[in-house]
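The values are calculated or read from the model by the stated rules, or taken from the named source; none is laboratory data. Since the structure is predicted, the reported quantities are computational estimates derived from the model, not experimental observations. Reconstructed Cβ throughout: ideal geometry from the backbone, glycine too, with neighbour counts over all protein chains shown.
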Amino acid sequence: MENEAVTVNRQAYHNYQILETFEAGIVLQGTEVKSIRQAKVNLKDSYGLVKNGEVWLLNCHISPYSHGNRMNHDPLRTRKLLLHRSEIRKLIGKTTERGMTLVPIKIFFHRGRVKCQIALAKGKKLYDKRETEKRKTIDRETRQEMKERR
């Protein structure tokens, strides 16, 4: 299960143009790791925020652990992301630009630790989304044609 994605935010690729990605650790409570191992995590509406020189993950839903007791965690709590200082400085500069945001792409395990791949992204307009769909369709059709010719 090393480096295998537990969950992927598929809508991020549809709604945003991904410019640069970063690998960040996540500060979690005990039962959250067990829930992530069961793949009970949702990144759909989540986003990153740089505040006071720290990066935070907001709206990431990690379901309460099924065998947890009253000490279970809050599913939508704000979680701190662990990045190198130079990466945080870079993100501070980039996220202040208009239209730039931090979007979590996937959550995975690396050497037994939970990691989050977070991307610096720019929101797509509706016509950009249509253009991407057209390009995908054309590529698919050309691959199909090449396959049939063989």
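From the set of residues in the stretch 50-63 that are in contact with a helix residue (DSSP H, G or I) (Cβ under 7 Å, 6 or more places away or on another chain) and surrounded by 11 or more Cβ atoms within 10 Å (Cβ to Cβ), which is farthest from GLU87 (Cα to Cα)? Looking at residues that are in contact with a helix residue (DSSP H, G or I) (Cβ under 7 Å, 6 or more places away or on another chain) and surrounded by 11 or more Cβ atoms within 10 Å (Cβ to Cβ), I get SER63. Remark: pairs (first residue in the stretch 113-140, over 16 Å from ILE18 (Cα atoms) and surrounded by 12 or more Cβ atoms within 10 Å (Cβ to Cβ); second residue among the polar types (S, T, N, Q) and at pLDDT 90 or above; Cβ separation under 7 Å; 6+ apart in sequence or on different chains) are absent.
Put simply, of LEU76, LEU57 the only residue that is closer than 30 Å to GLY30 by Cβ, modelled with pLDDT of 85 or more, outside any strand (DSSP E or B) and of a type outside the set (Val, Ile, Thr) is LEU76. With respect to the stated conditions, THR101 is assigned to a strand (DSSP E or B) and either on the phi > 0 side of the Ramachandran plot or hydroxyl-bearing (Ser, Thr, Tyr) (or both). ASN9 fulfils the conditions (1) farther than 22 Å from GLU87 by Cβ; (2) within 11 Å of the chain's Cα centre (by Cα) except for a single criterion, (1).
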